[in-house]
Amino acid sequence: MTKARIAILASGSGSNTEALMSHFSTGPGSEVAEVAWVCTNRKVAGVRERAQTRGVAESHLPKAAMAEGELLRELRTRNIDWVALAGFLLRVPADVCAAFEHRMVNIHPALLPKHGGTGMYGMHVHRAVHKAKDETSGTTIHWVNEAYDEGDIVFQGEVALERTDTPEDIATKVLELEHLHYPVVLEGLIRMAQGTDVRDNTHLKSHN
Ligand code: GAR
């Protein structure tokens, strides 16, 4: 079976990108897919160095170029099958959403539908969770559509919060959870789509 080719869209330091690149370069993950391209809208972003260090192709595409069709062209030229958003802070262009329906996922650092939507990213989310005095937070992996954070949920992982947790503590707990789950959940989705579903994916919500 040909390996699925994953593209990652990211805007920041790229710790989730690192977890995905690591997962799909060795072990069972590498049997079904590979990270073939990392793309960022920021010229300077830690995620670029992470990709370069691992020898994964990476590009910087400015927001305007993405919106004008360049992102979809690149995805097609590079024969990409799946797109994973990992700390990507722009709205995905409509042409890409349409072309990758149920082949594109995002990870959000809270339990959607709480603390999602425009402006809710990174520390903004953790500060909102802290302010709301939530007793739990977590991570949500969902299909991407044109609305921010509103695609159907595929998976949620939860973590208990202490009353003494600062927003930074919450961020650390959630990020750990993300690194643990995102690669495995994406592998599960790819295996389900390929029909090579030999692992237990009963925790995933499919899109039928
Ligand atoms: C992650 O926590 C991810 O869930 C979040 O940005 C962080 C990126 O970290 N994404 C959003 O807030 C999107 N709404 P990373 O660059 O270290 O992977």
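With Arg191, Arg103 as the choices, which residue is surrounded by 13 or more Cβ atoms within 10 Å (Cβ to Cβ) and touching a strand residue (DSSP E or B) at 6+ places or on another chain (Cβ under 6 Å)?
Only one candidate qualifies: Arg103.
Which members of the range 145-182 meet the condition of being in a strand (DSSP E or B), among the aliphatic types (A, V, I, L, M) and touching a residue at least 24 places away in the same chain (Cβ under 8 Å)?
Residues satisfying the conditions are Ile153, Val154, Ala160.
Within the range 103-151, can you find the residues that are within 22 Å of Arg76 (Cβ to Cβ) and at pLDDT below 95?
Asn145, Glu146, Gly151
Taking the range 135-164, which residues are acidic (Asp, Glu) and touching a strand residue (DSSP E or B) at 6+ places or on another chain (Cβ under 9 Å)?
Matches in the range 135-164: Glu135, Asp149, Glu150, Asp152, Glu158.
Condition first: more than 16 Å from the ligand (Cβ to nearest atom) and either within 19 Å of Ser15 (Cα to Cα) or not charged (D, E, K, R) (or both). Now tell me which residues in the range 167-197 satisfy that.
Glu187, Gly188, Leu189, Ile190, Met192, Ala193, Gln194, Gly195, Thr196
Inside the range 26-49, can you point out the residues that are away from the ligand (no atom under 15 Å from the Cβ), in contact with a Lys or Arg (Cβ under 7 Å, 6 or more places away or on another chain) and not aromatic (Phe, Trp, Tyr)?
Matches in the range 26-49: Val32, Ala33, Glu34, Ala36.
Are any of the residues in the range 188-195 assigned to a loop (DSSP other than H, G, I, E, B) and within 16 Å of Trp82 (Cβ to Cβ)?
Within the range 188-195, one or more residues are assigned to a loop (DSSP other than H, G, I, E, B) and within 16 Å of Trp82 (Cβ to Cβ).
Among the residues of the range 106-144, write down those that are of a type in the set (Val, Ile, Thr), outside any helix (DSSP H, G or I) and either near the ligand (Cβ under 9 Å from one of its atoms) or farther than 22 Å from Ala64 by Cα (or both).
Ile107, Thr136, Thr139, Thr140, Ile141
The values are calculated or read from the model by the stated rules, or taken from the named source; none is laboratory data. It should be emphasised that the depicted structure is a prediction, and the values quoted were computed from it without experimental measurement. When we count neighbours, we look across all protein chains shown, and the Cβ atoms used for this are built from the backbone with ideal geometry, even at glycine.
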